[in-house]
Number of protein chains: 2
Amino acid sequence: MKGATDQKLLQAKEEFVAQWGALGTQWGINRTMAQIHALLMTSPHPMCTDEVMESLAASRGNAHANLKELVNWGLVRMIVIKGDRRDFYEAEKDVWHIFTIIARERKRREIDPALAILNKCAEETKDLKGVEAIAFHNQMKQLEDFVSFASKMSDRVSSMRHGFAIQLASKILG
Amino acid sequence: MKGATDQKLLQAKEEFVAQWGALGTQWGINRTMAQIHALLMTSPHPMCTDEVMESLAASRGNAHANLKELVNWGLVRMIVIKGDRRDFYEAEKDVWHIFTIIARERKRREIDPALAILNKCAEETKDLKGVEAIAFHNQMKQLEDFVSFASKMSDRVSSMRHGFAIQLASKILG
DNA sequence: TCATGCTTTCATTATTTACCGAAAATTCGG
DNA sequence: CCGAATTTTCGGTAAATAATGAAAGCATGA
């Protein structure tokens with residue numbers, strides 16, 4: 001009975017890790033990074049590099065690079081265990097916190113650069129005359145305003161406490 | 001004087017197209033597709049395939065495939081001009097409409113599949129006993145709840161009229 | 001200060017993705 | 001039907017990205 005449970009759990013975990021990795025590629029995150037994140041999110045204990053390598057059949061270099069990146073993002077913490085020279089890693093498990101971290105990163109990669117471009121193009125054409133130039137400038141301005149608005153919304157929402165976000169959401173969904 | 005304006009406008013457009021293309025890669029959209037979209041968004045008239053090819057120095061196959069994909073997304077419309085056999089294309093220019101289209105597409109590619117995985121993994125482990133199994137199931141459930149919530153929010157917001165969205169936003173930002 | 005165990009780096013290789021360009025299919029006027 | 005003007009498809013190639021594995025770097029305790 002116990003064995004059957006273990007078996008099912010193991011299977012579900014494996015499925016989760018594999019699928020989450022595949023999903024990562026859709027999100028512009030590399031497969032290994034997403035897999036490691038999934039692995040650590042569902043691990044009851046912090047894992048060391050070799051454990052991660054073995055679980056995912058990944059090379060040392062790959063495991064290392066992606067663990068580092070996850071730590072960089074703040075999705076994973078490094079843990080030191082006294083009397084053990086290895087580095088251990090554990091994932092942030094709170095979904096709201098995970099969300100705010102990912103939102104911040106995506107904003108940095110996707111929204112901020114767009115804003116910079118739009119700003120520049122709007123600025124460079126703001127004094128030009130002629131219908132075409134004015135149409136172009138207006139289009140840039142509209143895009144800029146919208147993206148800037150999205151940027152502010154993103155900041156605002158990610159800095160909310162979970163409870164407040166839920167409260168707000170119920171207003172929107174309700 | 002007129003020449004200088006034309007020059008500046010042309011430069012700004014070129015910059016916009018090039019940079020928007022580069023940005024596209026960050027968004028998981030291929031460079032050419034993003035460039036064509038930028039080109040059409042800032043074109044005062046519908047363009048035919050050859051015009052697009054020439055503007056971007058892209059091959060026919062590439063231009064064709066990406067125009068098709070943009071039409072698929074709904075970001076670009078095909079235009080028929082009487083007495084001309086060529087297909088012409090023009091972009092959706094309203095920013096709110098563009099946003100809702102992109103949001104829908106990203107939801108389809110990023111949120112829906114995640115939900116499917118989480119659903120499956122939560123379902124498969126809901127009857128298991130043991131602390132580990134329960135912890136795993138809870139983690140899946142929390143993720144599922146959150147992603148499902150995000151999904152609903154996304155639907156709700158993208159189906160809003162622009163005016164209503166702004167009104168809502170002012171509540172959040174204000 | 002050497003040996004050991006672990007971390008980090010990096011040149012190479014593999015995989016994935018986008019792109020080209022020519023050939024095939026389609027459309028339409030004559 | 002034929003032929004010219006397009007659109008569409010597709011096999012091969014190039015570019016970008018990710019992964020490998022071996023070697024170098026660092027700490028630590030004997």
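The values are calculated or read from the model by the stated rules, or taken from the named source; none is laboratory data. The model shown is predicted, which means the values in this text are computed figures rather than measured ones. For neighbour counting, all protein chains shown are included, and Cβ atoms are generated from backbone atoms with ideal geometry for every residue, glycine included. With ligands, DNA and RNA removed, areas are computed over all heavy atoms of the protein, side chains included. Shrake-Rupley method; radii C 1.70, N 1.55, O 1.52, S 1.80 Å.
Charge dipole of the protein assembly as shown (Cα centre as origin; +1 on each Lys and Arg Cβ, -1 on each Asp and Glu Cβ, all else neutral): 600 debye, rounded to the nearest 20.
The charge dipole of chain B, taken about the Cα centre with unit charges on the Cβ atoms of Lys, Arg (+1) and Asp, Glu (-1), comes to about 340 debye, rounded to the nearest 20.
Between copies, the label points of A:D94, set 7 Å from Cα on the Cα→Cβ line, lie 4.1 nm apart, reported in increasing order to one decimal in nanometres.
Neighbouring Cβ atoms from other chains, within 10 Å of the Cβ of residues in A:82-89, number 0 on average. With its label point defined 7 Å out from Cα along the Cα-to-Cβ axis, B:T5 lies at 7.8 nm from the matching points of the other copies, in increasing order. Considering only A:S158, A:N138, A:H97, the residue lying farthest towards the positive end of the dipole of segment A:95-173 is A:H97, judged by Cα position with unit charges set on Cβ.
How much area per residue is accessible in the protein assembly as shown when the probe is 1.4 Å and only protein heavy atoms are counted (Å²)?
55
Take A:N30, move 7 Å from Cα toward the beta carbon, and the resulting point lies 2.2 nm from the same point in each other copy, nearest first. Across segment A:2-91, the convex hull enclosing all Cα atoms gives 97 Å³ per residue. What do you get for trypsin sites (Lys or Arg not before Pro) in segment B:96-174 restricted to DSSP loop and a cutoff of at most 14 other Cβ within 10 Å of the site's Cβ? Filter output for segment B:96-174: B:K126, B:K129, B:R161. For peptide B:9-21, the mean count of partner chain Cβ atoms within 10 Å of a residue's Cβ comes to 5. Per atom type, segment B:2-91 shows carbon and sulfur on 51% of its accessible surface, probed at 1.4 Å.
In this Cβ point-charge picture (+1 for Lys and Arg, -1 for Asp and Glu), segment B:2-91 has a dipole of about 120 debye about its Cα centre. Under a Gaussian network description of chain A, with springs only between Cα atoms under 10 Å, the residue in A:G163, A:G130, A:G24 that fluctuates furthest is A:G130. Comparing B:D50, B:D127, B:D112 in a Gaussian network model of chain B where C-alpha atoms under 10 Å apart are linked, the largest mean-square fluctuation is found at B:D127. Relative intensity of segment A:95-173 on a log10 scale, I(q)/I(0) at q = 0.12, 0.22, 0.23, 0.26 Å⁻¹, equals -0.48, -0.94, -0.99, -1.13, per a Debye sum over C-alpha point scatterers of equal strength in the absence of solvent. Summed over both chains, the accessible area lost when A and B associate is about 5000 Å², using a 1.4 Å probe.
Among A:A91, A:A34, A:A22, the largest mean-square fluctuation in a Gaussian network model of chain A, built with springs joining Cα atoms closer than 10 Å, belongs to A:A22. Per-residue surface analysis assigns B:W73 an accessible area of about 30 Å², computed on protein heavy atoms at 1.4 Å probe radius.
Helical content of chain A, expressed as a calculated mean residue ellipticity at 222 nm, amounts to -23500 deg cm²/dmol (DSSP H runs of 4 or more residues, -39,500 (n - 2.57) each, divided by residue number, nearest 500). Per residue, the convex hull spanned by the Cα atoms of chain B amounts to 194 cubic angstrom.
Between the alpha-carbon centres of segment A:15-93 and segment B:21-36 there is a gap of 29 Å. Of all lysines in the structure, those lying under 22 Å Cα to Cα from B:K107, and not within fewer than 8 positions of it along the same chain, are A:K107, A:K152, A:K171, B:K68, B:K93, B:K120, B:K141, B:K152. From the Kirkwood radius over Cα pairs of the protein assembly as shown, Stokes-Einstein at 10 °C and 1.306 mPa s returns a whole-number translational diffusion coefficient of 69 µm²/s.
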